[in-house]
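Trainee: The structure's right below; bear with me while I get my questions together.
We did not get these values from a lab; they are worked out from the coordinates using the rules stated. Everything numeric in this text was worked out from a predicted model, so none of it was measured. Glycine gets a Cβ as well: all are built from the backbone with ideal geometry, and neighbour counts include every protein chain shown.
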Amino acid sequence: MKQKLYQGSSKILYQSQEDYAFIMAFTDKITLDSGEIFEVAGKGVFNNNISSYIMTKLDLIGIDNHLIEKINMREQLVQSVDVFPIQISVSAVACGRFVKEFFMEEGYVFDHPIIDFRVRSTELKHPVINEHQILNFGWLSRQEIKEVQIQAMRVYDFLSGLLTSVGIRLVECTLEFGRVFNGEEFIIMLADEISPDTCRLWNMYNNEKLGAELIASDPEKAIKSYQIIADLLKDKNLCI
């Protein structure tokens, strides 16, 4: 029986046979910003498939990430990463906090994508944190902050182009990075997942929301949209 090391809002980490790696299992659960927990049958399978494909392609363009291999429908073997206590959100369109806090019209397109640092805590509801706080708390060095910003924009640019090719607008993506020692030095590595759980995705042609944004209001429609995203990628021969 696998040894459970950690259970998050949508994934479980187990110890693998290798000291440097873990087994990451995708569940059907998700915790929304409101704190509500939903279970949507089949969501974990779609997220595993989509995220493993994206991570594989990011590796080909030089974005170091934790994926070693997809094991089965729900599990991946991933590199052990000392994950930073922050998340990096890249927003191209006014949504979420920009609508609530700045009273912006939802859907307003920014001239340039906006990067937000957020505390990686579901309990605290991921509050925004600035660079000075991150430095003073000793969470990242100045160079690491710069490197994370560069890598986040590279991921966003790739993901935006990929999704545009199948008719999906990437409104916002939330990423996690950490440190890994490669034998000579510490490098920055992308971790966690990239899926409809960690991205705001809209239909390009009618701005209909897809994925996690639908879960609170219409769970059945939400899982159908996960299927739509996977099918669109598969139809373009993009999804494993």
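Trainee: Multiply the residue gap between Glu185 and Asp19 by 0.36 nm, knock off their C-alpha separation, and tell me the result in nm, one decimal place. List each step's numbers first, then the result.
Mentor: Details: separation 166, 0.36 × 166 = 59.76 nm, distance 1.89 nm.
This chain segment gains 57.9 nm when fully extended.
Trainee: Separate question: What are the extents of the Cα atoms of the stretch 64-120 along their three principal axes, listed from largest to smallest and rounded to whole Å?
Mentor: Result, largest extent first: 43, 25, 19 Å.
Trainee: Once you treat every alpha carbon in the stretch 82-219 as an equal point and sum by Debye, what is log10 I(q)/I(0) at q = 0.11, 0.14, 0.19 Å⁻¹?
Mentor: For the stretch 82-219 at q = 0.11, 0.14, 0.19 Å⁻¹, log10 I(q)/I(0) is -0.43, -0.69, -1.20.
Trainee: Under 17 Å from a label point 7 Å along Cα→Cβ of Gln3: give me every residue in the stretch 182-201 with its amide N that close.
Mentor: The answer is none, because no backbone nitrogen lies closer than 17 Å to the label point.
Trainee: Output ³J(HN,Hα) for the stretch 219-224: one whole-Hz value per residue in order, computed from phi by the Karplus curve 6.51 cos²θ - 1.76 cosθ + 1.60 with θ = phi - 60°, and x for Gly and Pro.
Mentor: Couplings: x, 5, 5, 4, 5, 5 Hz.
Trainee: Going through the cross-link list Lys2/Lys234; Lys43/Lys125; Lys2/Lys146; Lys29/Lys57, which pairs have a Cα-Cα distance over 29 Å in this structure? Before the final figure, lay out the partial values.
Mentor: On the way: Lys2/Lys234 32 Å; Lys43/Lys125 22 Å; Lys2/Lys146 38 Å; Lys29/Lys57 26 Å.
Exceeds cut-off: Lys2/Lys234; Lys2/Lys146.
Trainee: Please identify the chymotrypsin sites (Phe, Trp or Tyr not before Pro) of the stretch 141-206 that satisfy two criteria: DSSP loop assignment and at most 16 other Cβ atoms within 10 Å. Which are they?
Mentor: Sparse-neighbourhood loop chymotrypsin sites (Phe, Trp or Tyr not before Pro): Tyr205.
Trainee: Something else: Find the relative contact order for the chain and round it to a whole percent, using C-alpha pairs within less than 8 Å whose residues are 6+ positions apart. Working shown, then result.
Mentor: Working: 421 pairs, mean separation 44.9, N = 240.
Dividing the mean separation by the residue count of the chain yields 19 percent.
Trainee: Further, regarding this structure: Sort all Cα-Cα distances of the stretch 4-79 into consecutive 10 angstrom bins from zero, then give the percent of pairs in each bin up to the one containing the longest distance.
Mentor: Percent of pairs per bin, in order: 20, 45, 30, 5.
Trainee: Arrange Met153, Met1 by Cβ neighbour counts within 10 Å, fewest through most, would you? Don't jump to the answer; show the numbers that get you there.
Mentor: On the way: Met153 15, Met1 4.
By the 10 Å Cβ count, ascending, the order reads Met1, Met153.
Trainee: Also: Using only Cα atoms, figure out Rg for the chain and give it as a multiple of 2.2 N^0.38 Å.
Mentor: Values: Rg = 17.2 Å, N = 240, 2.2 N^0.38 = 17.7 Å.
Normalised by 2.2 N^0.38 Å, the Cα Rg of the chain equals 0.98.
Trainee: Can you tell me the mean projection area, over all orientations, of the convex hull of the stretch 125-196's alpha carbons? Units nm², please.
Mentor: Details: hull surface 24.8 nm².
Result: 6.2 nm².
Trainee: What nm distance separates the two modelled labels at Asn136 and Asn206, each placed 7 Å from Cα along Cα→Cβ?
Mentor: Here the answer is 4.9 nm between the modelled labels.
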